1. Quick one: residue 64 ticks every box in (1) in contact with a helix residue (DSSP H, G or I) (Cβ under 9 Å, 6 or more places away or on another chain); (2) in the same structural domain as residue 171 (by TED's automatic domain parsing); (3) modelled with pLDDT under 70 bar one, so which box is it?
2. Can you tell me which condition residue 207 does not meet? The list is (1) more than 13 Å from residue 359 (Cα to Cα); (2) in contact (Cβ under 8 Å) with a residue 12 or more places away in the chain; (3) surrounded by fewer than 24 Cβ atoms within 10 Å (Cβ to Cβ), and all the others hold.
3. Kindly list the number of the only condition in (1) assigned by TED's automatic domain parsing to the domain that holds residue 330; (2) in a loop (DSSP other than H, G, I, E, B); (3) surrounded by 16 or more Cβ atoms within 10 Å (Cβ to Cβ) that fails for residue 108.
4. Going by the conditions given, is residue 322 out of contact with any helix residue (DSSP H, G or I) (no Cβ under 8 Å at 6 or more places or on another chain) and in the same structural domain as residue 226 (by TED's automatic domain parsing)?
5. Say whether the condition of being in contact with a strand residue (DSSP E or B) (Cβ under 9 Å, 6 or more places away or on another chain), assigned to a helix (DSSP H, G or I) and farther than 27 Å from residue 292 by Cα is met by at least one residue in region 136-146.
6. Which numbered condition in (1) surrounded by 14 or more Cβ atoms within 10 Å (Cβ to Cβ); (2) within 26 Å of residue 298 (Cα to Cα) is the only one that residue 119 fails?
7. State yes or no: is residue 213 touching a helix residue (DSSP H, G or I) at 6+ places or on another chain (Cβ under 6 Å), at pLDDT 95 or above and in a loop (DSSP other than H, G, I, E, B)?
8. Which condition breaks for residue 97 when tested against (1) surrounded by 19 or more Cβ atoms within 10 Å (Cβ to Cβ); (2) in contact with a helix residue (DSSP H, G or I) (Cβ under 9 Å, 6 or more places away or on another chain); (3) in a loop (DSSP other than H, G, I, E, B)?
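The values are calculated or read from the model by the stated rules, or taken from the named source; none is laboratory data. Computed from a predicted model, the values in this text were never measured in an experiment. Here the Cβ is made from the backbone with ideal geometry for all residues, glycine too, and neighbour counts use every protein chain on show.
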């Protein structure tokens, strides 16, 4: 994998303690605060949660479970999309917004019931382009089997908002019998991903930075709710945790899993699926594929006896490169490491800021 094992030759080096990089000296918000990495965590921990925190918000899940009624627990999520450019190979801001919100509900085990849509449109944005975005939203909600049930539209000054920003909120339901979360993870569990990583972030960056490059690389943005519900129906409570590796990529998910579960997590570089065109694009852009955002991938943490069955089920659902990519160890050190192609080991930390800005 790109740039993961070039300078590592020690095979069994003892893991080093994790050290967070120092905060920037400026008291102002910087672009990297929105990247989903260490700086995002610091902004949450130092500024947002001390003022707004509560037992539910402090869990920092992709969606929140509300007090239960009947047989289900209502679930809510919200996200904003500022991707630039708004249209890119394989998708656009509309498909991205619907997929991201549906997926944030799905990885918490919830079935989406309805979405709210907020549009912020810059004066001068072409009506025909707005129609493209709305048509994309319509086709993606149809694919996900959900509806836009309420919304809001605002217009700002010319040359603001880069044309269009979108915020989507979603409401869903999760069975009271379903249990997912960091606290459900156990030693021996296996990590499974449904396909090759890094394609969304790389497709957006190529469209932005190298529009003259003709690449077959396409964003993987897609709603995953039907796939996830099928896997939960197949495996039940043998699934302990799920997360879509968006901002901060697979590295961010694995580092969060280790930190919040308290277990040692190992990723196996040789097993992580990557398309050759994604590897080539990462080489051109100088990016670490582990940290590149995905919008159509989900990482499952499952009991070891269920991992092979999950891979087969994902392959039957049309994901032939689904793979077991790592494991949860018995050590309670909260660390994550990568077992490289050459047999070495590298500590994986959550990215400091972001390699790629404005990719979602």
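1. It fails just one condition, (3).
2. Every listed condition holds for residue 207 apart from (1).
3. Exception for residue 108: condition (1).
4. no
5. Within region 136-146, one or more residues are in contact with a strand residue (DSSP E or B) (Cβ under 9 Å, 6 or more places away or on another chain), assigned to a helix (DSSP H, G or I) and farther than 27 Å from residue 292 by Cα.
6. Unmet condition: (2).
7. For residue 213, the condition - touching a helix residue (DSSP H, G or I) at 6+ places or on another chain (Cβ under 6 Å), at pLDDT 95 or above and in a loop (DSSP other than H, G, I, E, B) - is not met.
8. (3)
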